[in-house]
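The values are calculated or read from the model by the stated rules, or taken from the named source; none is laboratory data. Keep in mind it's a predicted model, so treat the numbers as computed, not measured. We place every Cβ from the backbone using ideal geometry, glycine too, and count neighbours over all the protein chains shown.
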Amino acid sequence: MGKVLVSATRFDELCKDAWKLLEDNGHEVIFDPSRPFPAYSYEELAEIIPDIDAAIIGMDYYDEKVFKLAPKLKCVCKFGVGVDNINLPDATKYGVKACNCPGQNSNAVAELTIGFIIDVLRGVISLHKDMEKSTWTRYIGNELAGKTVGLLGFGAIAREVARKLTVFDVKVKAFDLFPNEEAAKKLGVEMVSQDEIIETCDIISLHVPATAENHHLFNKDTFARMKDGAFLINAARGALVDLDDLAEAMLSGKIAGAALDAFEVEPLPADSAIFKCQNVVLTPHTGAESYESYHKVSMVAAQNVIDTLAGREPKFCVNRG
């Protein structure tokens, strides 16, 4: 019935049920395991997209340049949540349903976030590096109990982080442009202003999308406003943080530790100033990389495609209306 281009990494290994679901509904999966992932360049897409009916994408960028080459394309589904690499007005203009898979990787990212917090509070990575050099460092860390954790954004992932934090005897504050007051009350979270998050929290965890308005939201000025010795966690989007300014704030001692899973330039360049910092945890955009997450996300993505190509409204269409 349709050709479905997939650029999500390891789809052949970790998403076999979703692959079968697509084939059982009469669709052909186009997946090249020999090529580098997670993105096709525009030039690569230009060669194959004219014959494609739907796409399940990683970090490929889909805009008018791509859509106008794809007369058959009916659906582009992000293998994940953030759709900042799909130009939604352009998708709508060309009659393409833009979809995502909300909530399916929330637990994976939330678990990594909790791990990040504990790692930086106790200096786990720095201590491990010392142990590798046979250095027995007597490092004095911080306990999570009694701290105030600020969640910048209060979507599905942030709410899951808040739920997990309930057992740690912490105070949780959150800011969101569209606050879910009911969820906040249920989880014991205090909804406050963005300024209060920045200025009063011991640990700030970022859970907002990358937009023009919040590009480099955390910069030299923001770090100056944070509490002395605060910690920054970013398992969201790299563009939220000016990495050089963060490195400067850490090297000066203003920021006591940071854990980052997303970067403006990926892979992270080897000469990045952040590598000079001591109490920092850096992971290669691995927040959603779990067996469970791959299964859940791929099944939702496949169903979005199946519904669209069958003429039904997909459940998770983000350019509806």
Return the residue satisfying two criteria in turn: it lies in segment 28-81 and is touching a helix residue (DSSP H, G or I) at 6+ places or on another chain (Cβ under 9 Å), small (G, A, S) and assigned to a loop (DSSP other than H, G, I, E, B), and of such residues it is nearest to S298 (Cα to Cα).
-> G80
Close pairs (7 angstrom Cβ cut-off, 6 or more residues apart or separate chains): within 20 Å of A18 (Cα to Cα) in segment 37-62, basic (K, R) and assigned to a loop (DSSP other than H, G, I, E, B) anywhere = I52/K72; D53/K72; D53/K74; A54/K74
Segment 288-321 - residue that is within 17 Å of the chain's Cα centre (by Cα) and modelled with pLDDT under 95 and, of those, nearest to I233 (Cα to Cα) = A288
Name the single residue, out of those in segment 167-194 being of a type in the set (F, W, Y) and either outside the structural domain of G155 (by TED's automatic domain parsing) or touching a residue at least 24 places away in the same chain (Cβ under 8 Å) (or both), that is nearest to P209 (Cα to Cα).
-> F175
For segment 92-124 the number of residues that are polar (S, T, N, Q) and in a loop (DSSP other than H, G, I, E, B) is 3
Residues in segment 93-111 that are of a type in the set (D, E, K, R) and either in the same structural domain as G155 (by TED's automatic domain parsing) or free of Cβ contacts under 8 Å to residues at least 24 places away in the same chain (or both) total 1
Whichever residue in segment 260-281 is in a strand (DSSP E or B) and out of contact with any Asp or Glu (no Cβ under 8 Å at 6 or more places or on another chain) and, among such residues, is farthest from K129 (Cα to Cα) = L260
How many of the residues making up segment 108-135 are more than 26 Å from G146 (Cβ to Cβ), surrounded by fewer than 19 Cβ atoms within 10 Å (Cβ to Cβ) and touching a helix residue (DSSP H, G or I) at 6+ places or on another chain (Cβ under 9 Å)?
-> 1
